[in-house]
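Novice: Before I ask anything, here is the structure I am working with.
What follows is calculated from the coordinates using simple rules that are stated; it is not laboratory data. Nothing here was measured: the structure is a model prediction, and the numbers come from that model. For neighbour counting, all protein chains shown are included, and Cβ atoms are generated from backbone atoms with ideal geometry for every residue, glycine included.
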Amino acid sequence: MTVVHSTAPLTAPDLPSAVAALRTRGLRVSSARRLVLESLYAAEGPASADCIAGGLDGRLPVSDLASVYRNLELLEELGLVHHVHLSHGPGLYAATGGPRREYLACERCGDHRAVDPAVLNAAREAIHLATGYAARFTHFPVVGVCPDCATPDHEEQIDARS
């Protein structure tokens, strides 16, 4: 199991704030590090290291994958980045500057949705009452079936493919 960094997220709602946070901590803002940050702030949601290294499908310059991983690790240790596992694929990374999000993932179609943590408070409370665990869904999502896949029409389409 992957271990979640316990570093408190830094308040960096945009790229200039993230760069300033690095400099405040005495760290260089190398071109590779800046490119990783630019990718995270430009992405429309959590992105894989491969996607970041690939330049977000041509929107940014291509990077070295090993360099991307090294920078993501450092940025996560500093609290500027967090990663999440939304499917069986690779971990996905996002800047921590925006509002905190937790995740839902559909086990049928692979769709995922970021939600405000308050949306899951009832589930969190039920888990705590039943087990004593304080549940978080920031690293691993709540997995189930999305509303589209739960419709009778979609059930028939899935059965027809099987």
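Novice: Just from its helices, what would the mean residue ellipticity at 222 nm be for the chain, if runs of 4 or more DSSP H residues each count -39500 (n - 2.57) and the sum is divided by every residue, rounded to the nearest 500 deg cm²/dmol?
Specialist: -11500 deg cm²/dmol
Novice: Continuing with the same structure: Once the piece of chain linking GLU44 and THR24 is laid out straight, how much longer is it, given 0.36 nm per residue of separation minus the C-alpha distance between them?
Specialist: Details: separation 20, 0.36 × 20 = 7.20 nm, distance 2.72 nm.
That works out to 4.5 nm of additional length.
Novice: Let me ask you something else. Output ³J(HN,Hα) for segment 16-32: one whole-Hz value per residue in order, computed from phi by the Karplus curve 6.51 cos²θ - 1.76 cosθ + 1.60 with θ = phi - 60°, and x for Gly and Pro.
Specialist: So the J values, rounded to whole Hz, are x, 5, 5, 4, 4, 4, 5, 5, 4, 8, x, 9, 6, 9, 5, 5, 5.
Novice: Extension gain ARG108-HIS128, at 0.36 nm per residue separation less the Cα-Cα distance, in nm? Before the final figure, lay out each step's value.
Specialist: Numbers: separation 20, 0.36 × 20 = 7.20 nm, distance 2.74 nm.
Here the segment from ARG108 to HIS128 would lengthen by 4.5 nm.
Novice: Which distance in Å, rounded to a whole number, links the C-alpha centroids of segment 112-139 and segment 45-74?
Specialist: Between the Cα centres of segment 112-139 and segment 45-74 lies a distance of 30 Å.
Novice: Please compute the net charge surrounding ASP116, taking Lys and Arg as +1 and Asp and Glu as -1 over other residues with Cβ under 10 Å from its Cβ.
Specialist: Working: positive: ARG100, ARG101; negative: GLU102.
With Lys, Arg at +1 and Asp, Glu at -1, the neighbours total +1.
Novice: Based on the Kirkwood radius over alpha-carbon pairs, what value in µm²/s does the Stokes-Einstein equation return for the translational diffusion coefficient of the chain at 4 °C and 1.567 mPa s? Write out the running numbers ahead of the final one.
Specialist: Values: Rh = 17.4 Å.
Diffusion coefficient, whole number: 75 µm²/s.
Novice: Simple spin-label model, 7 Å along Cα-to-Cβ: THR11 to VAL142 in nm?
Specialist: 2.9
Novice: Let me ask something additional. Peptides 54-65, 74-85, 137-148: what's the order by average Cβ count within 10 Å, highest mean first? Write out the running numbers ahead of the final one.
Specialist: On the way: 54-65: 13.4, 74-85: 19.8, 137-148: 15.4.
Descending packing order for the listed peptides: 74-85, 137-148, 54-65.
Novice: Hey, another quick one. For segment 102-161, what percent of Cα pairs sit more than 14 Å apart? Don't skip to the end; give the middle numbers.
Specialist: On the way: 1082 of 1770 pairs.
Value for segment 102-161: 61 percent of Cα pairs lie more than 14 Å apart.
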